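> First the structure, then my questions, so here it is.
The numbers here are math on the coordinates, done by the rules we state, and not lab data. Bear in mind that the values here come from a model prediction, so they are computed numbers and not experimental data. Cβ coordinates were reconstructed from backbone atoms using ideal geometry, including for glycine residues, and neighbour counts include every protein chain displayed.
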Ligand code: 2NL
C-alpha cells in the first residue's frame, strides 16, 4: 500500500473508531493508538524518510493534515464525552469557582487631564467648545492676525491637505468659529488635537493637545486675565501655587505674556523637575488683539477680552514625571495602565 493510501485508510479507520469510543478509557486508548508517541500518526511521519524526495512535500502535507484532523476530532470528542458525563452527574458549571474578571480599558491619561481641565474651567464659568481639525487658512491664520508672510504660515510649519485646507496648528480656530457664530459675552475653553510638522523627539510630537481659553465682554481687563490664570493654577495644581507673568509676543494678543507657575514639587525652592528654577512654564496668553475682533465682526471699541493657550502633554508630563512625550502615543498598555 502506498503511504498516501495508508494515510487515507488511517483517516477513515480512526474516525470510525473515535465515533465508537464511548468512555473516557476508550477515548484514551484511541489517543494512544493514533496520536500517541508510538501511535499510527507518528509511524506515518517516520515513513516519510523513505519516500522519494519529489513526493516528500505532498506526502508531508497529507500526514500533517491527518494529524491536525485527528487532533481536532479528538478534542471535540473529549468535550462531548465530558459534557455527557457531567450531565449525567453534577451541574455542567461549577458555580463555586471564582469569576474571571473582564479586562476593562480606561481613559487615556491625556483624556483624563482634558476632562479635569474642562471641569475646573467649567466651575469658573467657561463652556467647552469643539471644532474641526481640518481647517482653512482664514480660521487658522488670517482671522488670528497672522499675515500672509508670517513665518508660521510657511508650508513647512503646517500640514497642508491642499492649497486651502490644513490640519489646524492651534485650537484658536475654534474660538474664531464661536465668535463668528455668536455675540459677546463669550467665555469658552477649546481643548483638542493640533498638528505641527516638528521633528519628533522627547518633547515634540507632530500631533499634540492644546486647551485654549477665551473670555470676551465689555470691560474685561488684564487684571481679569491674571486672576483667572492664577485661580486656575490654584484649583488645578494646589492652593499654595503661585503664578508669574513674563512679557511675550503673539500676533493675536496685545499685550502678550508667558505664564509660569511655582513648582508644586519643591514649592519654588528648586528641584530636578523644574530644573532648579523653582518655576514651570504653563501657558501663553494676552489681551485679544483688536484685529481679531474686527475679523469676526465684533466692535473692538466696545469689547475687550483675554485669551490663553497651553499644551496638555507638557502638563501631563510634569504631573506624572513622564520623561518622553512618545510614551503617551505608543499605546503600550503596560505604560498607560499606570495612570
Ligand atoms: C501659545 C499660547 C495662546 C491665544 C493662544 C487666542 C485666541 C484668540 C484670540 C487671541 Cl481667538 N488669542 N489664543 C492667545 C495667547 C496665547 O497660545 O503658545 N500659542 C502659540
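> Each label point is 7 Å from the Cα along the Cα-to-Cβ direction; what then is the distance between the points at residue 68 and residue 19, in nm?
2.3 nm
> Right, another one. Using all C-alpha to C-alpha distances in the stretch 33-74, build P(r) with 10 Å bins and read off the rounded percent in each one.
With 10 Å bins starting at 0, P(r) equals 30, 53, 17, 1.
> With 10 angstrom as the radius, rank 292, 186 by how many other C-beta atoms surround their C-beta, starting from the fewest. List each step's numbers first, then the result.
Values: 292 25, 186 21.
Least crowded to most crowded, the residues run 186, 292.
> Let's test the formula: R0 of 51 Å, r as the Cβ-Cβ distance of residue 330 and residue 82. What FRET efficiency results, to the nearest 0.05?
Approximately 0.70, to the nearest 0.05.
> So how much slack lies between residue 61 and residue 120, counting 0.36 nm per residue of separation and subtracting their Cα-Cα distance, in nm?
14.7 nm
> Bin by bin, in steps of 5 Å, what percent of the Cα pairs in the stretch 103-202 do you find, going until the bin that has the longest distance?
2, 11, 18, 19, 17, 15, 11, 4, 1, 0, 0
> Can you run the Rg to Rh ratio on the chain? Use alpha carbon positions and the Kirkwood inverse-distance Rh.
1.33
> The stretch 59-81 to the stretch 1-38: how many Å between their Cα centroids?
9 Å
> Still on this structure: Note the full-extension length gain between residue 42 and residue 277 as 0.36 nm times their separation in residues minus their Cα-Cα distance, in nm to one decimal.
Gain in length upon complete extension: 77.3 nm.
> Where is the GNM fluctuation largest for the chain (alpha-carbon springs, 10 angstrom cutoff): 68, 140, 115?
Judging by the Gaussian network model, the answer is 68.
> Which of the peptides 305-315, 50-60 is most tightly packed, and how do the rest follow, judged by the mean count of other Cβ atoms within 10 Å per residue?
The packing order, highest mean first, is 305-315, 50-60.
> If you average 1/r across every pair of different Cα atoms in the stretch 3-87 and take the reciprocal, what Kirkwood value do you get, in Å?
By the Kirkwood definition, the hydrodynamic radius is 13.5 Å.
> Within the stretch 316-339, find all residues whose amide N lies under 12 Å from a label point positioned 7 Å from the Cα of residue 200 along Cα-to-beta-carbon.
In the stretch 316-339, the label zone of residue 200 (backbone N under 12 Å from the point 7 Å along Cα→Cβ) covers 325-331.
> What distance in nm separates the two pseudo spin-label positions at residue 103 and residue 321, each 7 Å out from Cα along the beta-carbon direction?
About 2.8 nm separates the two model spin labels.
> Using alpha carbons only, how many degrees (0 to 90, rounded to 10) separate the axis of helix 222-237 from the longest principal axis of the chain?
Taking the Cα atoms of the chain, the angle to 222-237 is about 30 degrees.
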